Structures are given as C-alpha cells and as structure tokens.
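These notes concern the structure reproduced below.
Where a number appears in this text, it was derived from the coordinates with a stated rule and is not lab data. Remember, it's a predicted structure, so these values are computed and weren't measured experimentally. Note: ideal-geometry Cβ built from the backbone for every residue, glycine included; neighbour counts use all protein chains shown.
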Amino acid sequence: MKIKIVRWLSVILVTMTLLTVLIYEMTVWGPRRLNVETVTLSDSRIPSSFEGVKVVFFSDAHYNKFMNRERFLNVVNRINQLDPDIVIFGGDLFDHPSVEYPTTDIQDELTGLLSMIQAPLGKYAVFGNHDLESPRTIQMISNIFQASGFELLINQNIPIYNKSSSFIRLVGLDSQLLGNPDVNSAYQGVLEGEFVITVSHTPDIIDELPALTSWVLAGHSHGGQIRLPIFNEIYTVPYARNYISGEHIVNGIRLNISNGIGTTRWDIRLMADPQIHSFTLSSGR
C-alpha cells in the first residue's frame, strides 16, 4: 500500500514539475529566446562586388504590447553584432496601433532604437497588416521609418550598389492583408538575370510572383507562435497558411519566413522562438 502511494506521489510530482517547466518555457523563456539563423546564400546572379555582403532580416516587432524597450534593445544589439551591410524589416512595427495608439514618448523610444541599427548599404522596410490598420497608423509608422533611416518600399523596387556599377535589386510589396500588393508595379523595370530580393510581409504571395524574383523574405506567421508536437501550429493566419515557417523552394524561387521577434494576442511562444536571419551572399563562382 505504501509503495503504491509513493508511486502515485512520484507521478504527481513529476507531472507538476513538467507542467511548471512547460509554463515557464511558453511564457518566460520562449518569448525572450532570440535565435539567429545564419545562412550562406549562393546564386550565380549575385555580382562579385556583393561577395560576402551580409543581409539581416527581422520582422513582426509588435511593439507597445508585450515587446518593450529592453526586449527590443536586445534585438538591436544582436543585429549590430552581426555587422550587417543591409538590414530589412518585414512589417508589423506595433501591435494593433489603431486600438492602442502609441504615445509620442513610445514613438520616440522606438524611433531611437531603430536609429541605432547600423547598415552601410541601407535599411529597408515594408508594411505589415498591423501598420495598415488606419490612415493615422500608416502616417505615424511611415514617419518613424523615415526618422530612423529606414526606406519604406511599397510596390516598388530599387537597385542597391556596392562599390561598383553592379547591383542587386530589392522589391518591396504591400501586405496582402489590409494592403494592396501590385506585382506589376513592383517589378516594373526588373530584368531577367538580375539578382532580385523580394520582401513581403505575407509569405503566401510567392504563388503570385514572376520568375524574375530570385528570393523572397516574409514574416507575418510568427512561425505559428505556438506549435505542438504532431499537431504543429494550432493557429494560422490569413496569407500565411500555405507557407508558415522555415525555408521553401516554390516554382524555383527561394522563400525564407521569419518567426518574427514579437508576439501578439498572448505573450506566449512554444517551439517557435523569436528569430532574426543573417544571410551572407555569395556568387557561387
């Protein structure tokens, strides 16, 4: 009898310990554990002048809800430690800014943090759906990008040069959710054979993109934010249902999806850690 009681107590103790660890993982460690995905990207279309150039991509800050100055400063420091040449942000600067409009102090705080990011070949951004919640949020977030040195790309493309006349092309698309992505306008003037990086907040846009693009960077999904063994994501969002996380090759186009750095709805992550990407370009020659 005593042996049975001891066994049951042991089972209860182990179960409670595991539940406690799981709760801490979801609510404390997971949302704050920042992973850096480091990748060398080889493509014969990359000019030799871009050999070794580093592109850092991050997305989905959702500032002013759970993401605060301390957590975002850690992201900024990690980005600068990577010594990037180009930095790209994939949208959703604030979390539901039309519902909880950021104060002037919060706007200035985030502008200062974004200004600290260093990238000699430029800092670029696209809108996410939260950025597009109202005309007021669009203007406010556009002002923050401009004041912090980020160039906002909306259905347009620009060349990026590096110490020569050769260039790579950067295309920025509007968000599929709440936005109006115009693929024809975005790729106007893009020529076959150029190395083209396309940035879209929503990853599912890749099914609509022309073969002119070489590589797509996206966010929006948070990598599922909460993933369970066997069941995977327990919740998906519109325009991130075909492609939710990781790396894919779609119609010959490479797609990398960021888990993002922030959280929304709940400050919880499980098996979908906050993430930034660091890509080193190589011509493959």
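Here are the numbers for the structure shown:
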item: Nearest-0.05 FRET efficiency for VAL36 and THR111, computed from C-beta distance (R0 30 Å); result: 0.80
item: Acute angle (nearest 10 degrees) that the helix 2-24 long axis makes with the longest principal axis of the chain, alpha-carbon atoms; result: 20
item: Sparse-neighbour loop sites [GluC sites (Glu not before Pro); region 179-213; at most 10 other C-beta within 10 Å; DSSP]; result: GLU192
item: Pairs of Cα atoms farther than 23 Å apart, the chain, %; result: 54
item: Rounded FRET efficiency, nearest 0.05, which uses the C-beta distance separating SER283 from THR236 and R0 of 51 Å; result: 0.90
item: Charge sum, other residues only, whose C-beta stays under 14 Å from VAL190's C-beta, Lys/Arg counted +1 and Asp/Glu -1; result: -1
item: Neighbourhood charge, 14 Å Cβ-Cβ cut-off, centred on LEU22 and excluding it, Lys, Arg +1 and Asp, Glu -1; result: +1
item: By average C-beta atoms within 10 angstrom, highest first, the peptides 44-52, 84-92, 62-70, 12-20; result: 84-92, 62-70, 44-52, 12-20
item: Beta bridges by DSSP in region 33-282, antiparallel share as percent, to the nearest 5; result: 35
item: Those aspartates and glutamates that a straight Cα-Cα span of less than 16 Å connects to LYS54, excepting residues fewer than 8 apart in one chain; result: GLU37, ASP43, ASP83, ASP85
item: Separation of the SER10 and ARG45 label points, Cα + 7 Å toward Cβ, nm; result: 6.1
item: Efficiency of FRET from Cβ geometry, ILE3 and TYR101, R₀ 51 Å, rounded to 0.05; result: 0.25
